[in-house]
Amino acid sequence: MKKLVIFGFEPFGGESINPSLEVALRLPEVIGEYKIISHRLPVVFGEAADMAMDIAEREDADALICLGQAGGREQITPELVAINLRNADIPDNKGNHPKDEPVVNGGREAYFSSLPVRKMAEAMAERGIPARLSYSAGAYVCNDLYYSLLHRFFGTKRRVCFIHVPYCTDQGRMPSMELDRIVEGIRAAIEAI
Ligand code: PCA
C-alpha cells in the first residue's frame, strides 16, 4: 500500500487550536490506495521544513500533503504555487520574523505543486464542499514548508501539495467551517489524487 504523510500545524497567532492539525488527526487510517500517517509540525521557519523532510524520508512517503490554517478564507484552498520568499507579518512561534529573505539561497523563484491540485479542488467542490484553487500560499511558515518540500523532492517519487483550510467553527472566528466538513473535503481531495 502507498504511504501518504499528512502534516498539520500547531496553533499560532494567539489561537488555542489549529484546524489543520485537528483535521490531520481525524482522517481515517486508509483512504483509497493510501495509508494515512499524520504528523504535527511547529510554526517555525526552517524547523517545520526540516522536521517534515526527515519524516518523509523515514516513512518513505509516496505523497505529502501539508495542511495549514488560512484565517479569513471561506473555502478550502489547495495551493498551486510555492515561492522562494520568507516574509512574516507576525513572528513565528520562536519569535523569528524574516523580511524578504529567500527560503533556499540560490533556489529557483517558484515551484508548482507535484500533485493534481486543480483536480483536488474540483473533487471537493463536486461534493458540495466550498473549495477553490489558490495561486498564493503567502510568504509565512506554510509557504516556507511548501517551497522546501517541493525543492527537496523535485523529480523524485515523493509528490507534494499544500492545502489551506479556513478557521473551524470552534475557534469562534469568522468566516469558518465545521471541522467535520473540512475533514470530508480533505478526504475527497485525497481520493482525487
Ligand atoms: N498557517 C500559517 C502557518 C501555520 C498555519 O497553520 C501560514 O499560512 O503560513
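The values are calculated or read from the model by the stated rules, or taken from the named source; none is laboratory data. Not measured: the values here are computed from a predicted model. Neighbour counts run over all protein chains shown; Cβ positions are idealised from the backbone, glycine included. Remember, those area values only see protein heavy atoms, side chains included, never the ligands or the DNA or RNA. Shrake-Rupley method; radii C 1.70, N 1.55, O 1.52, S 1.80 Å.
Yes or no: GLU22 out of contact with any Phe, Trp or Tyr (no Cβ under 6 Å at 6 or more places or on another chain), among the acidic types (Asp, Glu), within 25 Å of LYS119 (Cα to Cα) and more than 12 Å from the ligand (Cβ to nearest atom)?
No.
Considering (1) in contact with a helix residue (DSSP H, G or I) (Cβ under 6 Å, 6 or more places away or on another chain); (2) open to solvent by 30 Å² or more (accessible area, probe 1.4 Å); (3) under 21 Å from LYS35 (Cα atoms), say which one GLU191 fails and leave the rest.
Among (1) in contact with a helix residue (DSSP H, G or I) (Cβ under 6 Å, 6 or more places away or on another chain); (2) open to solvent by 30 Å² or more (accessible area, probe 1.4 Å); (3) under 21 Å from LYS35 (Cα atoms), the lone unmet condition for GLU191 is (1).
Kindly indicate the residue of the range 157-188 that is of a type in the set (S, T, N, Q) and assigned to a helix (DSSP H, G or I) and also least open to solvent (accessible area, probe 1.4 Å) among those meeting that condition.
GLN171
Quick one: would you say ALA82 is within 12 Å of the ligand (Cβ to nearest atom), part of a helix (DSSP H, G or I) and at pLDDT 95 or above?
no
Output the number of the condition that GLY106 fails; it satisfies all remaining conditions of (1) more than 16 Å from the ligand (Cβ to nearest atom); (2) in contact (Cβ under 8 Å) with a residue 40 or more places away in the chain.
(2)
Considering only the range 141-148, I want to know if a residue exists there that is in contact with a helix residue (DSSP H, G or I) (Cβ under 9 Å, 6 or more places away or on another chain) and in a loop (DSSP other than H, G, I, E, B).
no
Hey, ILE90 hits all of (1) farther than 15 Å from LEU145 by Cα; (2) within 12 Å of the ligand (Cβ to nearest atom); (3) outside any loop (DSSP other than H, G, I, E, B) but one; which does it fall short on?
Of (1) farther than 15 Å from LEU145 by Cα; (2) within 12 Å of the ligand (Cβ to nearest atom); (3) outside any loop (DSSP other than H, G, I, E, B), only one is false for ILE90: (3).
Within the range 9-18, is there a residue that is within 11 Å of the ligand (Cβ to nearest atom) and either touching a Ser or Thr at 6+ places or on another chain (Cβ under 8 Å) or closer than 22 Å to ARG152 by Cα (or both)?
Looking for residues that are within 11 Å of the ligand (Cβ to nearest atom) and either touching a Ser or Thr at 6+ places or on another chain (Cβ under 8 Å) or closer than 22 Å to ARG152 by Cα (or both), one finds at least one in the range 9-18, hence yes.
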